[in-house]
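The values are calculated or read from the model by the stated rules, or taken from the named source; none is laboratory data. Every value quoted in this text rests on a predicted model; they were computed, and no experiment measured them. Cβ placement follows ideal geometry from the backbone for every residue including glycine, while neighbour counts extend to all protein chains displayed.
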Amino acid sequence: MNTFLKLHRDDNVQVALRMAPKGSIIKAEGGPVGTLTEVAMAHKVADRAISEGEMVIKYGMPIGVATVDIAPGAHVHVHNIASRYTATHYREEDAGLTDA
């Protein structure tokens, strides 16, 4: 069973399906990549180099911009990206669309 999942073909990150120890292998288009650190379940890992200022792509959409160069296999989280995520779906009660 794979440890990482690429959610969309355009993504430059993959998601850990379970806790992944340092050195876990990511199946990337450019060849296998080992994780540089332990990665928690549901966290992102770069499956290729991401340059400072480049968009981080997940779900086929930009979710943030790299604040530093991110190496293949590096954990991608708040320490190396600035969020650009904007919610596009709301629960009706949160959007004021109900009479409740």
Looking only at the stretch 65-100, how many residues end up being farther than 18 Å from residue 6 by Cβ and either modelled with pLDDT under 90 or part of a loop (DSSP other than H, G, I, E, B) (or both)? 24
Specify which of the listed residues (62, 32) is in contact with a strand residue (DSSP E or B) (Cβ under 7 Å, 6 or more places away or on another chain), closer than 18 Å to residue 8 by Cβ and modelled with pLDDT of 90 or more. 62
Could you count how many residues in the stretch 1-54 are hydrophobic (A, V, I, L, M, F, W, C), over 19 Å from residue 78 (Cα atoms) and out of contact with any Ser or Thr (no Cβ under 9 Å at 6 or more places or on another chain)? 5
Of the residues in the stretch 35-59, those that are within 18 Å of residue 9 (Cβ to Cβ), touching a strand residue (DSSP E or B) at 6+ places or on another chain (Cβ under 6 Å) and not in a loop (DSSP other than H, G, I, E, B) come to 44, 45, 46, 50, 55, 56, 58
Taking interchain pairs and intrachain pairs at least six residues apart, which have beta carbon atoms under 8 angstrom, with the first residue in the stretch 9-33 and farther than 17 Å from residue 70 by Cβ and the second among the charged types (D, E, K, R)? 19/38; 21/38
